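What follows is a short report on a single structure.
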Amino acid sequence: MNQPKNPVRYLLFSVLLIAVDQLSKLLVFKYMQPGFSGQILLAGNWLKLHYVLNPGMAFGMQLGHEYGKLFLTLFRLLAMCAIAWYLVHLARNGASKGLLWALSMILAGAVGNVIDSTFYGVFLDNAPYGSPTPWFHGQVIDMIFVDFWEGFIPEWVPVWGGQYYSTPIFNIADSCIFLGVCSILIFQGHFYTPADEEVKPEETTHNHEDAESLTEPHSFDEVAKTPGIPVEVLNENENLDIDSSRNLSASMLNLDSGEILESEEVISPTINPEFEEIKQNESVDIDSTQDISSSMINLENEELTKPGESTTEK
């Protein structure tokens with residue numbers, strides 16, 4: 001799981017971009033003339049500084065309504081707050097660094113243009129003529145002009161046919177929004193996919209049970225049915241000797257006493273006290289057990305015949 005990140009660094013990055021954007025706009029306002037007369041060439045004829053006032057949205061787009069500018073400014077304020085909250089939320093939940101940097105750029109662009117729309121009509125006196133109030137009606141200052149093509153659009157083109165067109169003029173705030181959105185669209189698979197895939201709980205439980213089943217002791221029949229376990233493991237499990245087990249079971253079946261022998265016990269005779277000493281011996285050999293059982297039978301026969309003989313003598 002990704003560790004939570006401090007949102008302060010990303011908010012500070014947004015503040016830095018806002019400062020650069022506002023500084024560039026104020027410098028253009030103070031030292032440049034609007035239009036082609038004050039144009040400055042930076043790289044040939046395709047990259048220029050061209051001072052224009054934008055009463056609408058990014059890249060010069062406008063809302064054709066009397067209160068369109070007011071609606072646009074209020075929308076920017078709401079978007080600014082939503083983006084700021086979302087940035088802090090993602091940072092605290094350990095989102096990707098690339099996603100947080102991209103959102104920081106989008107937030108900086110939104111705030112930069114909100115400042116223009118809210119205050120420039122009052123402090124720079126650039127609100128459009130006929131505005132109901134200079135507040136929230138300030139015009140955004142644009143100056144970056146990438147002049148790839150300009151001219152009249154052919155008449156056969158729908159909507160824009162016959163109109164003069166040139167590539168949009170924008171500012172640093174617009175650039176931040178554009179780059180941030182493009183970064184999210186291009187790298188969204190990396191931003192929204194966790195780096196380390198978590199192991200499924202079912203697989204972990206299954207593997208744990210398999211490991212425990214191999215370490216726990218089992219009977220010979222259970223272990224013999226387990227696939228993939230070599231015979232050497234069976235012989236070493238609980239020091240099980242197959243031959244001795246078979247001999248022991250055979251000798252137990254041949255005993256006439258009818259008592260079942262356990263792994264560490266021998267027959268405890270109760271017929272004659274002479275066999276009391278057998279109880280003290282806890283490791284009687286199987287062969288000697290057979291001799292003991294036969295002698296026990298003979299003794300029983302002798303005891304049974306003695307009463308008969310005494311009766312005949314009487």
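Observations on the model:
- Taking the criterion of being within 17 Å of ASN113 (Cβ to Cβ) and in contact (Cβ under 8 Å) with a residue 40 or more places away in the chain, the residues of segment 17-51 that qualify are LEU17, ILE18, VAL20, ASP21, GLN22, SER24, LYS25, VAL28, PHE29, TYR51.
- Residue list for segment 69-94, restricted to those being over 14 Å from LEU11 (Cβ atoms) and touching a residue at least 60 places away in the same chain (Cβ under 8 Å): LYS69, LEU70, THR73, LEU74, ASN93, GLY94
- When TRP135 is tested against (1) crowded, with 22+ Cβ neighbours inside 10 Å; (2) assigned to a loop (DSSP other than H, G, I, E, B), just one condition goes unmet, and that condition is (1).
- From LEU27, LEU23, residue being modelled with pLDDT of 95 or more, surrounded by fewer than 17 Cβ atoms within 10 Å (Cβ to Cβ) and under 28 Å from GLY98 (Cα atoms): LEU23
- Among the conditions (1) more than 30 Å from ILE184 (Cβ to Cβ); (2) in contact (Cβ under 8 Å) with a residue 24 or more places away in the chain; (3) not β-branched (Val, Ile, Thr), GLY151 misses just one, which is (2).
- Test for PHE148: is it in the same structural domain as ILE186 (by TED's automatic domain parsing), surrounded by fewer than 24 Cβ atoms within 10 Å (Cβ to Cβ), aromatic (Phe, Trp, Tyr) and closer than 22 Å to GLY38 by Cβ: yes
Per-residue answers, yes or no, for (1) buried (at least 22 other Cβ atoms within 10 Å of the Cβ); (2) among the small types (Gly, Ala, Ser); (3) modelled with pLDDT under 95; (4) assigned to a helix (DSSP H, G or I):
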| position | (1), (2), (3), (4) |
| --- | --- |
| LEU74 | no, no, yes, yes |
| ALA79 | no, yes, yes, yes |
| ALA84 | no, yes, no, yes |
| GLY94 | no, yes, yes, no |
| TRP101 | no, no, no, yes |
| ALA108 | yes, yes, no, yes |
| THR118 | no, no, yes, yes |
| VAL122 | no, no, yes, yes |
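The values are calculated or read from the model by the stated rules, or taken from the named source; none is laboratory data. Predicted model, so just to flag it, every value in this text is computed and none were measured. Using ideal geometry, Cβ is built from the backbone for each residue, glycine included, and neighbour counts are taken over all protein chains shown.
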